[in-house]
Structures are given as structure tokens and as C-alpha cells.
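Here the structure is laid out as C-alpha cells; the discussion comes afterwards.
The values are calculated or read from the model by the stated rules, or taken from the named source; none is laboratory data. Predicted model, so just to flag it, every value in this text is computed and none were measured. Positions of Cβ are generated from backbone atoms using ideal geometry, with glycine treated the same way; all protein chains shown enter the neighbour counts. Side chains are part of the model used for accessible areas, which takes the heavy atoms of the whole protein and leaves out ligands, DNA and RNA. Shrake-Rupley method; radii C 1.70, N 1.55, O 1.52, S 1.80 Å.
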Amino acid sequence: MKLIVNGEAQEAECKTLAGLLKALNYDGDWLATAVNGELVQHEERAIQTLVEGDQVEILSPMQGG
Amino acid sequence: MLKLYNTEVQSRLLLGTARYPSPAIMEEAIRQSGTEIVTVSLRRETARGGGGGMFFEIIRNLSVHVLPNTAGCHSVKEAVLTAQMARDLFNTNWIKLEVIGNHDTLAPDVFQLVEAARILSSEGFEVFPYTTEDLIAAERLLDVGCKVLMPWAAPIGSARGPVNPAALKSVRAYFPGTPLIVDAGLGRPSHATQVMEFGFDAVLLNTAVASAADPVLMANAFASAIEAGRNAYPAGMLEPRDIAVPSTPVIGQAVFS
């Protein structure tokens, strides 16, 4: 199915957000996620289902002022 | 001692983590300056090797309070979602709330700022709003739940120092019990001393330290400058006079003729 991940089109076969992160090799406890403009807390990723066209944001800590 | 929401800190210097020549220099600047609060940000994770993870590890090992920001957000929606994501990641209710209204000046959009602060405060966030020196905006921010204010001294990264000292002094005078942190626009340690002499409670710096030729030395210089200004404020400073006043007593002075 086609998803938009961090603003880019991405083909992925996964049912959940946790599955997507695994498929794309995102690992670690430093990620924050949102689907279609709504926060998905880290403990909810395994039950957050994805459908065609969903917009997924995957953020991580970055230097900031 | 400075109390920000329910957290007490000794240091009155808050440091940003961006623009340092290297992570090691950033780390050293944070350690040597004695800062207890650092600001961080959230960005799209592009390198699947975990660049964000490496940075996060450095910050975690420093044992400082983390103040995530919403830098780059231009709307309430963006700022609120970024804050929510930051809380999930950094496990803190603190958020340095920035809602930018203008690309050139990076001036806060105080109208959207107040609305974002209202929403976030109602969700249990402890909001540190990056605002202007406008008294009405400050009043509204306090009304919606903010217990700290962070007015700018000048546009972010401009190094101009306090461009409107009278307005900053007014903010201090109008909100005597509110912790006030000058955020943005300072360039040199004397600027920090100046705003601390106005009675501000702390200073948040990034570019002035990180872009100095020697960031570690500059972080120390700022820490000393902040302490000097902080001590001067309650010590009671002389106001400027138009005429000279001899410091050496004239009574008993010998007369030579």
C-alpha cells in the first residue's frame, strides 16, 4: 500500500505503525510518531492501523535553540 | 534558586544545543557553564542509522533538564502536535512554545501563541512561551496558564542585544512574581548582564555561544556575566547623574597655597 512517510511517497506492506517502523528499519526509543496529524504515542504504535494514503510522521531528537 | 513550574535550578543560564562545531564542544560548553536546562528540537528522522538517537544519548548522559521547543512552527496546529510528540519522546511536560509569525524577523505570532498555550496548558503542559515584550500578550499568556514568560531581546540569532530596554523593564515591573527568561537576540555577555540588571530571572542562549570562536570559553563568559547582573539587581545600582560627585571626602582636605 502507498503511504506518505515524512513527506515522501513510500510503498509498504504493513498493517500497523509498529509494523511500518520495523519494515523501514527504524529502531530505538527516541522516535515520536503521528498519523494524519494526530499523535500516536509509542505504546499505541502496535495497535495503530494504517490504510492506503495515510500520512505518517516519524520524528527524532535534534539540536535546537 | 530559580523555580520554573515545580522545578528548582541554581543556574540562570539556559543553553540551546544547535550550531556547535561538534557534539563534543556542545557537551563541554554545557558542562563547563553549569547550565541545568538545555533546549532541543524534533525533526524528521531521515538517517535510519539513528542520528537522532546519538544526539539523544549525549543529552541523556548530561543529566540536565530537557526543554523541547516547537521551533519552525507557524500555526497552532503544528505547534500543538509538535509539543505532543515532544512530550511522548522526551517524557517531560515542559515545552518551549514558539509560533513564528514572520519569516524575516522570526517574530512570535502572539495571537496564535496564546491559543496554542491555552490548549497545551489544558493538556497538562508546562509552557515556556517565546513571546515579545508586549504587556497584553504577556497578560493573556498568564491568563491561559503560563507560569513563565520568555520575551525576546531582539530577533533570534541577531546578536543585537536588548533593542527595547524600556519595554523589557516594563515587563519586569508588571509581572514581579513571574519568572522571566530573556530568550533570543543576545550577542555578548554584557547584553546578558544588562537584562539581568533589569531584574530578569534567567537568560536563554544558543547562537551567541555556539557560533563563538571558542564556544566553551564563551559559555563560561556568559555564565559569569549572568551572575554579575543577577547580583547587581538586588544590590541596588546607582542611577546616572548629570553632575560629578566626588568619591573622596573633601572634609579635612589640606589646603596648599
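Things worth noting here:
- All told, B:Glu57 falls short of being in contact (Cβ under 8 Å) with a residue 12 or more places away in the chain and not basic (Lys, Arg).
- Each residue in the range B:218-254 was checked for being of a type in the set (S, T, N, Q) and either within 24 Å of B:Ala173 (Cα to Cα) or part of a helix (DSSP H, G or I) (or both), and 3 pass.
- Note on the range B:54-90: residues that are modelled with pLDDT of 95 or more and either part of a strand (DSSP E or B) or more than 10 Å from chain A (Cβ to nearest Cβ) (or both) amount to 11.
- Subset of the range B:91-110 (residues that are in a strand (DSSP E or B) and either under 20 Å from B:Glu123 (Cα atoms) or under 15 Å from the mean Cα position of the chain (by Cα) (or both)): B:Trp94, B:Ile95, B:Lys96, B:Leu97, B:Pro108
- Total residues in the range B:138-169, condition open to solvent by less than 10 Å² (accessible area, probe 1.4 Å), closer than 20 Å to B:Ile119 by Cβ and either in contact with a helix residue (DSSP H, G or I) (Cβ under 9 Å, 6 or more places away or on another chain) or touching a residue at least 60 places away in the same chain (Cβ under 8 Å) (or both): 5
- The requirement of being more than 30 Å from B:Val38 (Cβ to Cβ), of a type in the set (Gly, Ala, Ser) and not in a strand (DSSP E or B) is satisfied by A:Ala46.
- Number of residues in the range B:174-230 that are closer than 16 Å to B:Thr131 by Cβ and among the β-branched types (Val, Ile, Thr): the value is 5.
- Pairs meeting the criteria (first residue in the range A:31-54 and facing chain B (nearest Cβ under 10 Å), second residue exposed (fewer than 13 other Cβ atoms within 10 Å of the Cβ), beta carbons under 9 Å, at least 6 apart or on different chains) are A:His42/A:Asp29.
- Beta carbons closer than 9 Å, at least 6 apart along the sequence or on distinct chains, pair a first residue in the range B:17-41 that is in contact (Cβ under 8 Å) with a residue 24 or more places away in the chain and part of a strand (DSSP E or B) with a second that is surrounded by 16 or more Cβ atoms within 10 Å (Cβ to Cβ) and of a type in the set (Lys, Arg) for B:Thr39/B:Lys96.
- Check on B:Gly199, away from every other protein chain (no Cβ under 14 Å) and of a type outside the set (Ser, Thr, Tyr): yes
- Test set (1) closer than 30 Å to B:Leu204 by Cβ; (2) more than 11 Å from chain B (Cβ to nearest Cβ) - A:Leu59 fails condition number: (2)
- Pairing each residue of the range B:197-216 that is open to solvent by 10 Å² or more (accessible area, probe 1.4 Å) with any residue that is in a helix (DSSP H, G or I) and among the polar types (S, T, N, Q), provided the two are 6+ apart or on different chains, yields C-beta distances under 7 Å for B:Val216/B:Gln32.
- Evaluated against (1) surrounded by fewer than 15 Cβ atoms within 10 Å (Cβ to Cβ); (2) within 11 Å of the chain's Cα centre (by Cα); (3) of a type in the set (Gly, Ala, Ser), A:Gly53 falls short on exactly one condition, (2).
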